[in-house]
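The values are calculated or read from the model by the stated rules, or taken from the named source; none is laboratory data. This one's a predicted model, so the numbers in the text were calculated from it and none came from an experiment. Heads up, the Cβs are rebuilt from the backbone with ideal geometry, glycines too, and the neighbour counts pull from every protein chain shown.
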Amino acid sequence: MKQTLNEQIGRIKSMMNLITEQSSIVVSITGEQPYPTGTNWDDVHGYLGSVKMDDDLEQRVGDKLKQGNYRVVSVTAESYVDGDKVITYGEAALQADNNNPDVAFTTRGSIGENYVARHDAQVSGLIDRLSKYYKGTARKISTIVVPVSGTTIAYKQSFFAVSKNSQTNTPQQEQNITIKGIDLDDLRAKISASTKNISIDVSSIKIDAPNFSVSYKPGSEQIKTMSFIWDDRGDLERRFESIQAKNPTIEKIENGTIQNIQWALSIIR
């Protein structure tokens with residue numbers, strides 16, 4: 001039966017939607033831990049990937065890679081207190097790739113005391129080890145610092161994928177690490193908790209104070225911490241000088257004003 005023009009257009013649109021759905025998918029997981037008592041903090045970030053877990057994001061992505069030709073393009077995660085639980089949500093975006101699909105996906109992370117140093121030790125040399133183990137080409141997809149919102153706990157997590165064909169791989173640029181708060185106080189606490197003794201590219205530090213967000217790239221310069229202060233009484237400079245007297249290596253990176261609230265972001269070397 002001959003189709004009308006509108007029917008033909010509708011059929012084409014349906015086919016295009018199907019192709020789009022097949023070419024890009026999101027794999028996600030949500031896990032929860034009791035809070036404030038009985039919290040297994042290792043499991044809080046273990047839902048992203050842990051040998052102790054029967055079901056985690058690493059497993060789900062790995063299963064999807066076995067079902068078709070996909071390449072992992074991004075991974076995000078967040079953890080937060082919701083009533084008497086700590087919720088962790090993670091998701092990975094995959095795109096169809098028949099030329100150089102991924103064959104493996106994995107993650108490494110550390111939480112709690114000295115979590116930055118412990119994470120960095122875990123991932124040191126890991127790309128080479130993964131490449132040799134899978135006889136392919138491993139790459140880092142992203143590294144994120146995730147403060148558990150509503151607590152003083154944070155974790156650092158890196159995600160990796162491996163493809164068999166090295167010819168289409170290009171050097172990976174370091175991904176931005178973003179610290180996000182819900183207000184100025186929350187941002188200050190998360191910056192303090194997430195940036196102790198880290199190595200960064202100082203020139204990459206960017207702050208979006210109105211949206212309570214700071215981002216930076218890993219680099220070769222080690223700092224003691226970042227410092228974020230704010231003042232609603234027009235007294236920020238005096239406060240900064242007081243901090244500087246105790247920390248001579250402090251360096252102001254950026255400062256500004258939000259609705260008569262003065263703020264300053266600094267690093268302490």
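Observations on the model:
- Flag if T195 is outside the structural domain of S74 (by TED's automatic domain parsing), more than 23 Å from S110 (Cβ to Cβ) and of a type in the set (S, T, Y): no
- Within the range 135-149, the only residue that satisfies the criterion of being crowded, with 16+ Cβ neighbours inside 10 Å and not in a strand (DSSP E or B) is G136.
Condition check ((1) within 14 Å of the chain's Cα centre (by Cα); (2) farther than 19 Å from E58 by Cβ; (3) not aromatic (F, W, Y)) across all residues:
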site: A77; (1), (2), (3): yes, no, yes
site: D82; (1), (2), (3): no, yes, yes
site: A96; (1), (2), (3): no, yes, yes
site: P101; (1), (2), (3): no, no, yes
site: T107; (1), (2), (3): yes, no, yes
site: A121; (1), (2), (3): no, yes, yes
site: T151; (1), (2), (3): no, yes, yes
site: Q157; (1), (2), (3): yes, no, yes
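- Check on V162, closer than 30 Å to K85 by Cα, assigned by TED's automatic domain parsing to the domain that holds T106, modelled with pLDDT of 85 or more and not hydroxyl-bearing (S, T, Y): no
- The one condition in (1) surrounded by fewer than 15 Cβ atoms within 10 Å (Cβ to Cβ); (2) modelled with pLDDT under 95; (3) in a strand (DSSP E or B) that A93 fails to fulfil: (1)
- Here K135 fits the description: more than 22 Å from D43 (Cα to Cα), of a type outside the set (G, A, S) and outside the structural domain of I191 (by TED's automatic domain parsing).
- Taking every residue in the range 41-68 that is touching a residue at least 12 places away in the same chain (Cβ under 8 Å) and among the aromatic types (F, W, Y) and pairing it with any residue that is surrounded by fewer than 18 Cβ atoms within 10 Å (Cβ to Cβ) and assigned to a loop (DSSP other than H, G, I, E, B), at least 6 positions away or on another chain, the pairs with Cβ-Cβ distances below 6 Å are W41/G112.
- The strands (runs of 3 or more DSSP E) located wholly in the range 212-263 that include 1 or more residues which are surrounded by 12 or more Cβ atoms within 10 Å (Cβ to Cβ), within 26 Å of the chain's Cα centre (by Cα) and among the hydroxyl-bearing types (S, T, Y) occupy 213-218, 225-231.
- Hits in the range 191-210 (condition: part of a helix (DSSP H, G or I), at pLDDT below 90 and not hydrophobic (A, V, I, L, M, F, W, C)): S192, S194
- Some residue of the range 111-128 being among the acidic types (D, E), modelled with pLDDT of 95 or more and under 22 Å from W41 (Cβ atoms): no
- Per-region count, the range 111-141, residues touching a residue at least 12 places away in the same chain (Cβ under 8 Å) and either at positive phi or in contact with a Cys (Cβ under 9 Å, 6 or more places away or on another chain) (or both): 2
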